[in-house]
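I have placed the structure first, in the form of structure tokens, so that the comments after it can refer back to it.
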Amino acid sequence: MYITIQTTYIINQSQIRLDIPKVIKICNLDDLKINKSCGFFVTMNGEKKPLIVVRLQNSVYVYINSCPHIGAPLDLKPGQFLSHDKKNIVCSTHGALFEIETGHCIFGPCKDKYLKAIPIQINNGEVLLTST
Ligand code: FES
């Protein structure tokens, strides 16, 4: 699944701060399957960026789809980012493994680096991009 939304952003060390006037709904929590991943696009500062979305039970994690190793997209297939055991995000290029909850690389050529996290909120069953 890929969804396109419009926003702008400011990059910090390991998190993206979105420059949006209000929260933006990206989907309903129920649209995301438990222990599954999907992707969507945001247009940030005029540049289209693919994002990784992973749902674990009632939590959702969103990252820029760019590996901290060489910047390649991580998808195994479009929108598929999880290892076979569903415990980690995996990079399809060189096999780096990332913690789903933190984006921390625990194995591979970019060990101890992080995926860039996107701040979200879940409110009344809606997944929202936020500016903080
Ligand atoms: S590009 Fe992801 S591990 Fe090399």
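Within the stretch 94-126, being surrounded by fewer than 15 Cβ atoms within 10 Å (Cβ to Cβ), within 16 Å of the chain's Cα centre (by Cα) and within 9 Å of the ligand (Cβ to nearest atom) holds for no residue. For the stretch 72-93, name all the residues that are under 14 Å from the mean Cα position of the chain (by Cα) and not aliphatic (A, V, I, L, M). Result: PRO73, ASP75, PRO78, GLY79, GLN80, PHE81, ASN88, CYS91.
Looking at THR102, THR93, can you tell me which residue is without any contact (Cβ under 8 Å) to a residue 24 or more places away in the chain and β-branched (Val, Ile, Thr)? Lay out the reasoning, then the answer.
Details: THR93 fails: without any contact (Cβ under 8 Å) to a residue 24 or more places away in the chain.
Of the residues listed, the single one that is without any contact (Cβ under 8 Å) to a residue 24 or more places away in the chain and β-branched (Val, Ile, Thr) is THR102.
For the stretch 51-84, how many residues are part of a strand (DSSP E or B) and aliphatic (A, V, I, L, M)?
Narrowing the stretch 51-84 to residues part of a strand (DSSP E or B): 51-56, 59-64, 77, 80, 82.
Adding the requirement that they be aliphatic (A, V, I, L, M) leaves 51-54, 56, 60, 62, 64, 82.
Qualifying residue count for the region: 9.
(1) at pLDDT 80 or above; (2) closer than 16 Å to LEU129 by Cα: which one isn't true of THR8, the others all being true? Exception for THR8: condition (1).
The values are calculated or read from the model by the stated rules, or taken from the named source; none is laboratory data. All values reported here derive from a predicted model rather than from experimental measurement. All Cβ positions, even for glycine, are placed from backbone atoms using ideal geometry, and neighbour counts span all protein chains on display.
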